């Protein structure tokens, strides 16, 4: 499909608007977590204090990293268990008018892990394997609590920079405020706009349609608008329909597509400003905003560019002639090239994972582009944790840069020691580990089955498996293509669930541990000898550091999948 | 107590020899580095070592690995193995060089110490010769002219002129005497004049000489916090790359997607690892301490050297650091109705027997005005030396006439009459940074003599450099506020503490540290000891007391307080070298991608695809040679950077952001560019060599001999 410049304007306007409100919303976000007076206090404070009393906690109770992590694991573990049993006994749960059967234990485990970890990678088909109750009650529980967990981690981590008493906040309070002050109001707003733009919101399970082609068609319905709203807003990415945002019911018009892009960008763009607000140095947000915008812009340009380019494999086929319309297969033609591409790039780079096109049939470079976003997990990454990950990258970057200016590296007046580097590096290397280890097992154990036989030796299949584990490890949730190989198997369910759990909670542990160390350090005064991080030089440095380090770690694997596909024609 | 003799410059002989480094020892040590027990200390190089061993086996006996060695090619495998060997050897060489530098220095120090006998003073007062090794803390020894001092100690009796050149390289002899702040002597130094008794203050093996030897030899060198943290980062890289490459081999083999030669994969891994910084990291640490030692400073730990790079505040003594140390008389002012001649005469009288620099400068000033010293008959006068209580000095002549000079305050206490005019002038002079002393005959004030501190030449520039680096300087002085302000202004020091009492430095350090700043100071007196101990970097002067030297974490053998500034630079250089080489290593890798990845695809038969040309920026058409070129570059860059590791990167004080911009350009962009150019040049060289007849013959021979036992 040819590239039209004019269709780029609408997405740029939406992204620009998301960026424009980010300083304001980020500041609000920061104030919410620092308990500074904000709009809405009069309404929410009494409600929240009731919630705290019900939870048996008090904002005065401040937790250290250990207690915070345990509370986090307790809540997330609770969600995991509830979801597991709900899906395992799905046929007997309420709101199952279509009589959807139980899930097997392994699929229930995968699904529960997937939703709890903010991944929303699905190994099932919604329409035939998920009851209305699952869609309206069980799954939404995770749709709210998993981004709330991400936001809580971000708040706790950033507090480490400004505190000296070793505490990071109260997990239950942070969770409550994430839901009441941020997720709930925005989700309602998001859903209302979706409804206005024509997305269905109903309690009836299905309608019968009589299409022009004759016969009848059952169209499954439900609270689609509210589901998609929180799904996109909270970097969940789960779809009410299996086709997700490629479904014309969930994403009927160009406007809903644009609104979706906006919803996905709200938290990722605002997180740096929330950080600036919490540490009370607003300028410190800019290096991160800069890095995120640069990486996202390059990713978008490459994606659109290669999607519009000629497919070299096709041009060599005799009799086909010059092929000029890029990679049209699997693309929703209701959207222009830029609109569809932007949604997809933003979705993957924000670790949302909602698809509006078929990733399996796009250009290999575009696939590589999406993989890169999941390798960094931080440009901008998922709600809360994406920015926390970027902070870990920054700590490592500042460490090397700090040495280059001849001082023991420090950030925001706190020195960076071996223990910080250790935890940050651990969060960095756990990612390739959780991708490659299960990959090797899958290949060695002949678990990759395509059309009933074990994997064929093509780099496309290689990329499919690589994409699956990368998406799970990054808690992204997008899939290369449904049906490239059969992932609804015991192995892929269990391995995938474990990858998602490790990929979620080990980095969170690292983030809290880094914060734990920072939270006991004194703040040192800055001088001209201190590396100024709020500067253009540092922004460019951080961007390059992030790209080069990520490329270093993942290049060999990229070479075997997408690159081999491009260059090897294999 | 006055000295028994005068100090004549150049009254001594030898200057410490430049340590000689044995190349044979360096070579031997570099090969000993291949011992796995030594390799394992550097995990990154140990990974390379394991791969090297694996490749040896694979090269010699490929038939043992039928799966892996499908594309076995003897000359290529041998070449990769040899280059890996060179990579490891170069890494060992850098360690060996750094250690040898230290060892050579240690050897020359040891020579000084060997076999010294000591004349021990027994409890009954008799003397006996004993080996210096058996001396214990508290023993007393006697040392006579021409004899070496057996061990570190304090002079408890007598005074001596001592040659410390073998320790400090400083050619001027120094005076050491009992009492006061100049009591400590170093083992290994030599007495030139005078006999002294020395009480031993350190056990054998704990003396400064021993400490210095241990330090330069790198024994018990604790890795510093930054080195440890950088190590963790590099190991994390290594571990994950190792995992990535192992899975890569495994997956490539299993999926048959793209067949990559095993030697190429090993090469890819070695190239992607930051081996440059990994190989040089230990040498950088060792050489940092060596550089401090070469500046004639004993650092008690590597940590202290690194901390020097982090300093925020330097507390400097005014006297000796910022000013030349002696205030000099610059002007004489008479009191109303007193003739100048009378003042000149009085000034001369009270100063001609005053051997202090101040006194001598008065004599010089008077002489310049044409009045020559009068000869005084012995026994016709009594000198009243300066004491801290009286704060005046003077002379009482036989006729009962008393002439004094001293501070205005002291004069007043004494009861002298100071005309208002004189007070006004004194205040005026103080405001200009001069120190006025009054000269009085009896109780009549005759006039004033103005003293002025002379700021050391060059100190202004160094203080400005410090400011650029973001280090605040605070001058500490016993002078009054006005004098201090004037000197502070003249020298460019940021802040000053005037009328400082001995404990002022400690208070200052505590105040700055409470605000989270890292503070350094110099000191020599016992008074300074608590502050030296409290400071992050406490540089004690070698001429100072043992207490001061014990308290500080560095001792300057040259007793030059401005050396603190040099140490800051060494500390910063140390960190910049590490950061710079890390960045260099990482950007090198980017260039290596562009050499190896296209080679992998060209080797797999994808060379005709247009995408490859895009990636193959360097135009390396022969895949084997491309891989070898990247690997050779990776190896030779190590010895090329050894001088940088040993001597540190060039460092000019700048502010942090300029420094980052410059170093990013230098090491980041430089690393990228040098690798691109280097790999291309090596490729051209290798292509040329490959065509040489003898190389081809050699290749044939290798193909025939390898693999052992046939494929």
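The values are calculated or read from the model by the stated rules, or taken from the named source; none is laboratory data. These numbers were taken from a predicted model, which means no experiment stands behind them. Positions of Cβ are backbone-derived with ideal geometry, glycine not excepted, and every protein chain shown enters the neighbour counts.
Before moving on, here are some points about what is shown:
- Hey, residue A:439 within 17 Å of residue A:518 (Cα to Cα), touching a helix residue (DSSP H, G or I) at 6+ places or on another chain (Cβ under 8 Å) and either more than 9 Å from chain B (Cβ to nearest Cβ) or without any contact (Cβ under 8 Å) to a residue 60 or more places away in the chain (or both) or not: no
- Exclusive hit being out of contact with any helix residue (DSSP H, G or I) (no Cβ under 6 Å at 6 or more places or on another chain), surrounded by 14 or more Cβ atoms within 10 Å (Cβ to Cβ), more than 25 Å from residue B:428 (Cα to Cα) and touching a residue at least 24 places away in the same chain (Cβ under 8 Å), set B:365, B:376: B:376
- Breaking point among (1) in contact (Cβ under 8 Å) with a residue 60 or more places away in the chain; (2) within 31 Å of the chain's Cα centre (by Cα), for residue B:421: (2)
- Some residue of the range A:127-145 being touching a helix residue (DSSP H, G or I) at 6+ places or on another chain (Cβ under 8 Å), at positive phi and touching a residue at least 12 places away in the same chain (Cβ under 8 Å): no
- Filtered residues of the range A:456-508 (kept if surrounded by fewer than 24 Cβ atoms within 10 Å (Cβ to Cβ), assigned to a helix (DSSP H, G or I) and modelled with pLDDT under 85): A:460, A:461
- Residue B:613 vs. criteria more than 9 Å from chain A (Cβ to nearest Cβ), buried (at least 21 other Cβ atoms within 10 Å of the Cβ) and at pLDDT below 90: no
- Test: residue B:553 is farther than 30 Å from residue B:294 by Cα, modelled with pLDDT of 80 or more and more than 7 Å from chain A (Cβ to nearest Cβ): no
- Test: residue in the range B:687-697 that is assigned to a helix (DSSP H, G or I), more than 14 Å from every other protein chain (Cβ to nearest Cβ) and in contact (Cβ under 8 Å) with a residue 12 or more places away in the chain: yes
- Restricting B:638, B:576, B:602, B:596 to those that are farther than 18 Å from residue B:273 by Cα and either surrounded by 24 or more Cβ atoms within 10 Å (Cβ to Cβ) or modelled with pLDDT of 90 or more (or both) reduces the list to B:576.
- Candidate set: the range B:215-233, residues that are outside any helix (DSSP H, G or I) and within 14 Å of chain A (Cβ to nearest Cβ); chosen: the one modelled with the lowest pLDDT: B:222
- The helices (runs of 4 or more DSSP H) found entirely in the range A:1-101 that carry 3 or more residues being within 27 Å of the chain's Cα centre (by Cα) and crowded, with 18+ Cβ neighbours inside 10 Å are A:6-33, A:65-88.
Quick grid of which residues meet (1) farther than 23 Å from residue A:28 by Cα; (2) touching a strand residue (DSSP E or B) at 6+ places or on another chain (Cβ under 7 Å); (3) at pLDDT 90 or above:
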{"position": "A:262", "(1), (2), (3)": "no, no, yes"}
{"position": "A:268", "(1), (2), (3)": "no, no, yes"}
{"position": "A:323", "(1), (2), (3)": "yes, no, no"}
{"position": "A:334", "(1), (2), (3)": "yes, no, no"}
{"position": "A:353", "(1), (2), (3)": "yes, no, yes"}
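- Among the residues of the range A:81-97, just one is free of Cβ contacts under 8 Å to residues at least 40 places away in the same chain and closer than 23 Å to residue A:178 by Cβ, namely A:81.
- Only one of the numbered conditions (1) without any contact (Cβ under 8 Å) to a residue 60 or more places away in the chain; (2) crowded, with 18+ Cβ neighbours inside 10 Å; (3) closer than 28 Å to residue A:390 by Cβ is not met by residue A:247, and that is (3).
- Of all residues in the range B:351-368 being farther than 11 Å from residue B:328 by Cα and outside any helix (DSSP H, G or I), the one that is modelled with the lowest pLDDT: B:355
- Condition check for residue A:524: modelled with pLDDT under 85, touching a helix residue (DSSP H, G or I) at 6+ places or on another chain (Cβ under 9 Å), crowded, with 18+ Cβ neighbours inside 10 Å and at the interface with chain B (Cβ under 7 Å from one of its Cβ atoms): no
- Residue B:658 passes every criterion in (1) free of Cβ contacts under 8 Å to residues at least 40 places away in the same chain; (2) more than 14 Å from every other protein chain (Cβ to nearest Cβ); (3) under 26 Å from the mean Cα position of the chain (by Cα) apart from (2).
- Filter pass, residue A:358 being in contact with a strand residue (DSSP E or B) (Cβ under 9 Å, 6 or more places away or on another chain) and within 16 Å of residue A:470 (Cβ to Cβ): no
- Among residues of the range A:539-570 being modelled with pLDDT of 80 or more and within 7 Å of chain B (Cβ to nearest Cβ), the one that is surrounded by the most Cβ atoms within 10 Å (Cβ to Cβ) is A:541.
- Checked against (1) within 14 Å of another protein chain (Cβ to nearest Cβ); (2) at pLDDT 85 or above, residue B:333 meets all criteria but (1).
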